[in-house]
Each structure stands twice: as C-alpha cells, then as structure tokens.
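J.: To start, I am sharing the structure in question, which I have written as structure tokens.
The numbers here are math on the coordinates, done by the rules we state, and not lab data. Note that the coordinates shown come from a computational prediction; the quantities given were computed from them, not determined experimentally. Every residue, glycine among them, receives a Cβ derived from its backbone with ideal geometry; neighbour counts consider all protein chains shown.
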Amino acid sequence: MIGGVVLDTSSLADAATGATIYTRAKIRTAVEYGIVLAIPTAALAAAWAQVPPSGYPFLALAAGLSVAVADPLDEVTARDLGLLLSAADPGPDLAAAHVVCSARRRGWPVLTSDPGPLLAIDPGIEIERLP
C-alpha cells in the first residue's frame with residue numbers, strides 16, 4: 001500500500017509562510033523519499049484566502065510538486081462532503097470536511113496545527129500535529 005499524508009489548510013499556510021520549519025521539512029522529506037502529499041483543493045483554496053501575498057508562490061506550486069496529488073472537489077466528493085457536514089457539529093467547514101474525506105479515503109494522517117475542526121467532523125481520523 002502506498003502511504004502518504006494529507007495537508008490541511010493550516011499546514012499549507014504554514015509551508016507558504018514559513019511560520020515554522022516543520023511543514024517545509026516534511027515536504028522536503030516527502031519529495032526526497034517519494035512520500036505522497038494529498039492536497040484537497042478546498043483546503044488549498046482556504047489557504048489562498050489566509051496567507052499574505054508573500055506565500056502565494058508556494059501555493060501556486062504546491063499541487064505541482066512531484067509527490068503531490070490534488071484531490072478535486074468533484075460531484076462525488078461534493079456529495080460526501082455534504083453528508084459529512086450534515087452530521088458535523090458545530091457548523092460547516094468545507095475545507096476541513098474535504099480534508100477529512102481525503103484522509104478517510106486514503107487511510108492517511110492529516111498534517112495540521114489546528115485539529116479541532118477536523119476532529120469535530122471525525123474524531124477517529126489520524127492527526128499528525130504541527131508543533
């Protein structure tokens with residue numbers, strides 16, 4: 001089985017801004033060792049909305065990394081996200097739901113500094129927490 005990690009909005013923003021060294025190091029390691037990075041497109045869109053312009057170059061290149069796989073928000077995923085959100089508490093977070101859906105489908109952990117919204121949707125997903 002191929003392994004990897006799902007990047008959420010917070011990890012994408014961290015890598016784009018260099019707020020910590022952890023995410024960039026994780027990405028370099030992934031490229032070096034062929035570890036797949038799943039990037040849900042809703043999380044990528046949310047990261048674009050959060051980071052300052054200095055982070056845009058990374059976000060523009062993220063899905064094009066040799067080990068990156070973009071998880072699109074297609075019709076099937078939209079249904080799955082809607083069902084996840086209908087059962088979630090306290091309220092809808094499309095990007096978090098897309099990350100959870102990707103992690104569930106792949107059976108991979110999520111790299112995040114903000115696990116709360118993810119765990120509110122699915123308390124059972126595996127989290128790899130950023131320091």
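J.: Please give the number of the condition S54 fails out of (1) without any contact (Cβ under 8 Å) to a residue 24 or more places away in the chain; (2) over 19 Å from V6 (Cα atoms).
T.: The one condition S54 does not meet is (1).
J.: Examine region 81-92 for a residue that is in contact with a Pro (Cβ under 7 Å, 6 or more places away or on another chain), assigned to a loop (DSSP other than H, G, I, E, B) and under 18 Å from S10 (Cβ atoms), and state whether such a residue exists.
T.: Scanning region 81-92 turns up no residue that is in contact with a Pro (Cβ under 7 Å, 6 or more places away or on another chain), assigned to a loop (DSSP other than H, G, I, E, B) and under 18 Å from S10 (Cβ atoms).
J.: Moving on to the next point. Yes or no: region 96-108 includes at least one residue that is over 23 Å from R129 (Cβ atoms) and in contact with a helix residue (DSSP H, G or I) (Cβ under 7 Å, 6 or more places away or on another chain).
T.: No, region 96-108 contains no residue that is over 23 Å from R129 (Cβ atoms) and in contact with a helix residue (DSSP H, G or I) (Cβ under 7 Å, 6 or more places away or on another chain).
J.: List every residue pair whose Cβ atoms lie under 7 Å apart, where the two residues are 6 or more positions apart in sequence or sit on different chains, the first residue falls within region 21-44 and is in contact (Cβ under 8 Å) with a residue 60 or more places away in the chain, and the second residue, located anywhere, is part of a helix (DSSP H, G or I) and not hydroxyl-bearing (S, T, Y).
T.: Pairs that qualify, where the first residue is in contact (Cβ under 8 Å) with a residue 60 or more places away in the chain and the partner is part of a helix (DSSP H, G or I) and not hydroxyl-bearing (S, T, Y), are T23/D14; T23/A15; A38/R106; P40/H98; P40/V99.
J.: Going residue by residue through region 67-83, is there one that turns out to be within 21 Å of G18 (Cβ to Cβ) and in contact with a helix residue (DSSP H, G or I) (Cβ under 7 Å, 6 or more places away or on another chain)? Working first, answer last.
T.: Here is the first cut: in region 67-83, the residues within 21 Å of G18 (Cβ to Cβ) are 67-68.
In the following step, the residues that additionally are in contact with a helix residue (DSSP H, G or I) (Cβ under 7 Å, 6 or more places away or on another chain) were identified as 67-68.
Within region 67-83, one or more residues are within 21 Å of G18 (Cβ to Cβ) and in contact with a helix residue (DSSP H, G or I) (Cβ under 7 Å, 6 or more places away or on another chain).
J.: Another question, then. Quickly run through region 91-119 and pick out the residues that are within 16 Å of A42 (Cβ to Cβ) and among the small types (G, A, S).
T.: G91, A95, A96, A97, S102, A103
J.: Does any residue of region 94-113 turn out to be outside any helix (DSSP H, G or I), under 11 Å from the mean Cα position of the chain (by Cα), of a type outside the set (S, T, N, Q) and surrounded by fewer than 20 Cβ atoms within 10 Å (Cβ to Cβ)?
T.: The answer is yes, given that some residue of region 94-113 is outside any helix (DSSP H, G or I), under 11 Å from the mean Cα position of the chain (by Cα), of a type outside the set (S, T, N, Q) and surrounded by fewer than 20 Cβ atoms within 10 Å (Cβ to Cβ).
J.: Right, here's the next one. Of all helices (runs of 4 or more DSSP H) completely enclosed by region 10-71, which ones contain at least 3 residues that are β-branched (V, I, T)?
T.: Once the helices (runs of 4 or more DSSP H) in region 10-71 are filtered for at least 3 residues that are β-branched (V, I, T), what remains is 22-33.
J.: How many of the residues making up region 66-95 are under 12 Å from I39 (Cα atoms) and either in contact with a Lys or Arg (Cβ under 6 Å, 6 or more places away or on another chain) or not acidic (D, E) (or both)?
T.: Here the count works out to 7.
J.: If I filter region 1-43 down to residues being more than 9 Å from the chain's Cα centre (by Cα) and of a type in the set (S, T, Y), which single residue comes out as surrounded by the most Cβ atoms within 10 Å (Cβ to Cβ)?
T.: In this case the residue turns out to be T23.
J.: Considering each of P131, P123 in turn, give the residue that is without any contact (Cβ under 8 Å) to a residue 12 or more places away in the chain and loosely packed, with under 14 Cβ neighbours inside 10 Å.
T.: On the way: P131 fails: without any contact (Cβ under 8 Å) to a residue 12 or more places away in the chain.
Result: P123 is the single residue among P131, P123 that is without any contact (Cβ under 8 Å) to a residue 12 or more places away in the chain and loosely packed, with under 14 Cβ neighbours inside 10 Å.
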